[in-house]
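Worksheet: the structure to be examined is printed underneath.
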Amino acid sequence: MVDWNDNTVKLAVYLIYGTSFLIMFAALALWKKRVSHIEIMDDFKYLAAFGLLHGLAEYSDIPRFLAWQPSWIFDMVKLLLVLSSFAALFAFGLNIISAGIEERRWLRGIPYGAFLMYIWLLVFTGLDFTNQDTGINYKAADLAQRYSLGLIGAAVTSYAFFDLSGKMKTIAGEIAGRKFMFAGIGFALYAIFAGLIVNPVFGIPAVVYRSVIAVLITIAVIGIFRLFKVKQSK
């Protein structure tokens, strides 16, 4: 049996989690010019921002479980990085589903307002007055952002990929549609395990599931861009 409380195991899990999304960011950044002629792909910059910010967020969790001090600094860094990444993910999803539809253009401004609103929310929800101290209640703040912006951002992004799947199937064929569908499934799972589930499932911590899902999402997104690479080479 794996001892999930062992620091070495935790380190491996968080490194896999964070590195997966950083690889996704690097792939999107390197291949951006390859798909610059496709207008809808410009919105993938928000997905790249999500990958960078969330990858760094998981790296910032390592000092937290190693109990480095002062802990409040690492708590605040983690919260702000995760919050920013969820806002970027929300922006990506809304931009995709509103692309080319004039009546939906107003949706594009929502993530920026949501980002500011949730910073305000975390300032108050995250304060811990239970022991007459004004320290950060990390657990309360983390739950607040996961159950709200995190869940909504991942769910909207999942819907956006499923929507693209149908369009790409018509335009580029079955394989293209399937690649977008896999990404949609990945973000649907991420909405569940990053936005809803925080406790262990079958004795396995939620972060382990998130790290596996992060790997699957990264593979799916790279597969999408490799599709365009093949199309261009032809």
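The values are calculated or read from the model by the stated rules, or taken from the named source; none is laboratory data. Fair warning: this is a prediction, and the values are worked out from it, not measured in the lab. Quick reminder, even Gly has a Cβ in these numbers, built from the backbone with ideal geometry, and neighbours come from all protein chains shown. Side chains included, ligands, DNA and RNA excluded: accessible areas come from the protein's heavy atoms. Shrake-Rupley method; radii C 1.70, N 1.55, O 1.52, S 1.80 Å.
Any chance the range 55-65 includes a residue that's buried (at least 18 other Cβ atoms within 10 Å of the Cβ) and over 23 Å from TYR209 (Cβ atoms)?
No, the range 55-65 contains no residue that is buried (at least 18 other Cβ atoms within 10 Å of the Cβ) and over 23 Å from TYR209 (Cβ atoms).
Taking VAL198 and the conditions (1) assigned to a helix (DSSP H, G or I); (2) over 14 Å from the mean Cα position of the chain (by Cα), which numbered condition does it fall short on, given that it satisfies the others?
(1)
Would you pick out the residues in the range 153-196 that are more than 17 Å from ILE213 (Cα to Cα), in contact (Cβ under 8 Å) with a residue 40 or more places away in the chain and open to solvent by 60 Å² or more (accessible area, probe 1.4 Å)?
Answer for the range 153-196, where residues must be more than 17 Å from ILE213 (Cα to Cα), in contact (Cβ under 8 Å) with a residue 40 or more places away in the chain and open to solvent by 60 Å² or more (accessible area, probe 1.4 Å): just ILE175.
Residue check: is LEU80 touching a Leu at 6+ places or on another chain (Cβ under 9 Å), of a type outside the set (Val, Ile, Thr) and surrounded by fewer than 19 Cβ atoms within 10 Å (Cβ to Cβ)?
yes
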